[in-house]
Amino acid sequence: RSNSTNPDDAVVSTGSEDWGITQLNTDRNNLLFIQDSSLAHAYLNEFNMMWGDTGAAPNTTLSKFGPYKTDLGAHIFHIGGKLVELYFSPSDATDSHIQSAINSANTDLYFGVYDFTVAADANAIVARKTAGVYTAGIVDQYSNTGAAYPILTGGLGSSLITYASSSLVYHHKMVIVDPSNSCSDPQVLTGSHNWTTSANTKNDENTLIIHNDTIANIYYQAFYADYNALGGSLTAIAPCITVGCGSPIGLFATTITASSALLNWGTVSGAISYTIQYRQVGTSTWSTTTSAADTITVSGLTASTNYEFQVSATCASGSGSYSSTSDFTTLAPPCSVPTGLSATGITSASATLIWDAVSGAVSYSIQYRPVGTSIWSTTTSAVNSVTISGLTPGTAYEFQVEVGCASGTSGFSGSSIFTTLAVTCPLPTGLSASSITMTSAQLNWSAAAGAGSYSISYRPVGTSGWSYSTAAGTSVVVTGLVSATSYEFQVQSICSATDSSGYTSSALFTTLGLSCATPIGLTSAVTATTATLSWTAVTGAVSYHINYHVSGAPGWSTVTSFTNSVTLTLLPPATHLQFEVQSVCSSVSSDTSTFSTIADFTTAATTGLPVTSLLENSFVIYPNPVTQDAAISYSLISSSEVSVTVYDLVGHEINKVVAAEPQVAGKHSYTIQIATPGVYFIKLTCGGESTVRKVIKL
């Protein structure tokens with residue numbers, strides 16, 4: 001019931017057992033029932049590919065079997081916190097996954113197979129035994145003529161039992177990996193896939209690999225009973241003993257979509273399971289899930305969003321600490337082809353083209369041409385409409401639309417057709433602009449004979465979207481313009497509801513610029529490590545940008561203040577610095593002053609550390625500036641408690657290099673990792689006294 005609204009209704013039944021009386025009652029088989037909606041849908045999709053349809057009746061034209069099937073891609077599932085792998089033959093290269101399961105055995109390996117002929121599988125089993133893995137197997141007598149049989153008998157000797165019966169078969173297709181070793185990755189591989197070339201390349205089969213120590217133990221108990229009943233004897237493998245549980249490393253994300261991602265990390269020795277936390281970067285609440293393997297797919301994510309995740313391992317001895325975080329960004333939503341194309345506002349020379357808005361669209365590309373011609377004209381729009389002009393009166397046009405999304409483009413839609421009106425209404429002439437301010441202008445033109453009104457379009461030069469206005473006379477005042485910006489405008493005559501001219505060629509005008517005064521009267525008040533910088537307030541200023549640096553140093557550090565002063569902290573003592581100020585008068589990016597004349601200030605000297613604890617002038621940073629890591633060193637005359645802390649430009653603690661630890665007399669050195677370019681301060685505290693050094697990361 002994979003299509004039920006209740007996900008608990010979905011159940012998959014698989015294993016080696018055929019639906020026959022002998023198979024069900026007397027032949028040796030295994031049968032699984034797994035309650036999981038995602039797994040059930042994967043089996044349903046494979047069935048529908050062979051059925052050729054999703055309905056009650058098959059479609060023999062579309063149905064695919066054997067080598068004609070395709071890989072549907074759903075292979076990894078997490079059921080009850082455990083990893084389950086699913087492969088269908090022959091599309092999914094199932095034999096390679098059988099060999100991967102065999103090769104993963106670390107301590108003990110058991111197999112039971114009805115039809116076993118693939119030599120590569122037999123060689124993999126013998127290789128694990130040679131490597132010291134305890135190995136035992138059962139094959140049906142049906143396999144004793146295949147290429148694998150002499151490899152198995154030669155490599156395993158008495159550890160291989162051949163099941164011989166005149167009426168019954170040993171029908172399993174299974175391998176059990178490390179069922180006694182919870183520190184490894186206990187797993188069971190089973191299904192309908194015999195270990196033959198035909199099963200791998202021709203037949204329609206299914207194979208499950210279940211990573212679960214409980215399931216592995218259940219299968220081992222059944223194998224143990226069969227092996228003993230057939231005269232064999234298995235040696236018990238001592239269970240593993242874990243000491244501590246490490247923290248995962250090597251975190252990264254793959255198979256990223258708009259709403260999901262496959263999270264990966266390095267395997268931790270002895271891990272039984274992993275706990276995964278993920279969240280949007282900048283938020284405080286984690287989402288938590290678990291995995292038995294070193295991967296997991298998380299879904300329900302938000303498109304175009306930066307996420308971070310971290311992982312902790314759980315071993316038999318307990319849980320380890322969380323790893324460092326790793327981040328990834330989900331893709332933008334997929335682009336859909338536009339629909340609902342039509343034209344409105346049609347005149348003799350223009351038309352407004354419209355279409356249904358597409359979710360996730362960043363822009364639209366439009367192409368249009370007279371019907372029957374071969375060359376397209378193109379334009380773009382940020383919204384789901386655009387007005388085109390310069391058309392030929394009384395002409396049929398076709399147009400198409402393509403969507404541009406963050407993830408790519410949709411391709412062009414089918415064409416929609418419209419016809420321009422026949423023309424009798426003359427074009428306006430004499431276009432000009434007057435009474436121009438920072439945000440408005442009066443647009444003028446000469447009257448056109450027979451025109452009852454006019455339509456005016458205007459926009460900043462170089463942009464694609466027009467704004468529109470109408471007028472009964474020969475001028476109109478447009479407002480809401482951007483200062484210091486060049487505009488173009490066009491005018492159309494409207495003689496009646498069905499008779500209008502095209503738009504004229506564009507006329508240009510430029511709005512006035514903005515003015516913001518440059519700050520003056522720069523002063524400073526200093527201590528050894530701080531400076532309060534002040535200046536005369538600028539009328540109309542909403543904020544100020546302040547640049548400062550050590551005199552002679554390359555580049556500037558910048559801070560923002562909403563008053564006419566700012567206090568800088570963590571400055572180096574007894575140091576000559578400079579600063580300059582720029583006023584900002586509005587949110588318009590161009591409404592700023594030039595920077596002021598540079599003013600100088602010098603921080604006060606500090607008494608430094610007592611010579612009884614720190615050797616004078618021994619606290620050095622090198623190199624400075626740095627391109628990678630910085631090295632610091634200092635020398636103690638006598639034992640003292642020492643702290644070394646790194647701060648950023650605004651005083652936030654970045655790294656605690658030494659956290660209040662007692663140190664003996666002599667030279668001490670450390671390497672400090674600084675990830676992001678910028679200005680930083682390193683504070684050395686020794687015996688209750690502190691000194692600060694500045695370091696620049698390029």
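The values are calculated or read from the model by the stated rules, or taken from the named source; none is laboratory data. Note that the structure is a prediction, hence the values are computed from the model and not measured. Every residue, glycine among them, receives a Cβ derived from its backbone with ideal geometry; neighbour counts consider all protein chains shown. Remember, those area values only see protein heavy atoms, side chains included, never the ligands or the DNA or RNA. Shrake-Rupley method; radii C 1.70, N 1.55, O 1.52, S 1.80 Å.
Descriptive notes on the structure:
- Unique residue being surrounded by 15 or more Cβ atoms within 10 Å (Cβ to Cβ), β-branched (Val, Ile, Thr) and at pLDDT 90 or above when the list is Val559, Val550, Val626: Val559
- Among the residues listed as Val337, Val358, the single one being more than 27 Å from Val476 (Cβ to Cβ), among the β-branched types (Val, Ile, Thr), modelled with pLDDT under 95 and open to solvent by less than 50 Å² (accessible area, probe 1.4 Å): Val358
- Checking His41, His75 one by one, the residue that is surrounded by fewer than 20 Cβ atoms within 10 Å (Cβ to Cβ) and in contact with a strand residue (DSSP E or B) (Cβ under 9 Å, 6 or more places away or on another chain) is His75 and no other.
- The criterion of at least 1 residues that are in contact (Cβ under 8 Å) with a residue 24 or more places away in the chain, in contact with a strand residue (DSSP E or B) (Cβ under 7 Å, 6 or more places away or on another chain) and within 19 Å of Ile417 (Cβ to Cβ) is met by the following strands (runs of 3 or more DSSP E) wholly inside the range 287-373: 342-344, 351-354, 361-370.
- Selection status of Ala537, open to solvent by 30 Å² or more (accessible area, probe 1.4 Å), under 47 Å from the mean Cα position of the chain (by Cα) and either in contact (Cβ under 8 Å) with a residue 24 or more places away in the chain or within 30 Å of Val695 (Cβ to Cβ) (or both): yes
- Scanning the range 379-401 for residues that are among the β-branched types (Val, Ile, Thr), in a loop (DSSP other than H, G, I, E, B) and either within 36 Å of the chain's Cα centre (by Cα) or closer than 16 Å to Ala357 by Cα (or both) yields one hit, Val383.
- Qualifying residue in the range 87-103 (condition: in a strand (DSSP E or B) and either surrounded by fewer than 16 Cβ atoms within 10 Å (Cβ to Cβ) or of a type in the set (S, T, N, Q) (or both)): yes
- Selection within the range 309-334 - open to solvent by 30 Å² or more (accessible area, probe 1.4 Å) and not polar (S, T, N, Q): Ala316, Tyr322, Asp327, Leu331, Pro333, Pro334
- Test: residue in the range 54-69 that is touching a Lys or Arg at 6+ places or on another chain (Cβ under 8 Å) and under 17 Å from Glu205 (Cβ atoms): yes
- Listing of helices (runs of 4 or more DSSP H) fully contained in the range 142-233 that carry 1 or more residues being open to solvent by less than 20 Å² (accessible area, probe 1.4 Å) and either free of Cβ contacts under 8 Å to residues at least 24 places away in the same chain or closer than 30 Å to Ala313 by Cα (or both): 213-229
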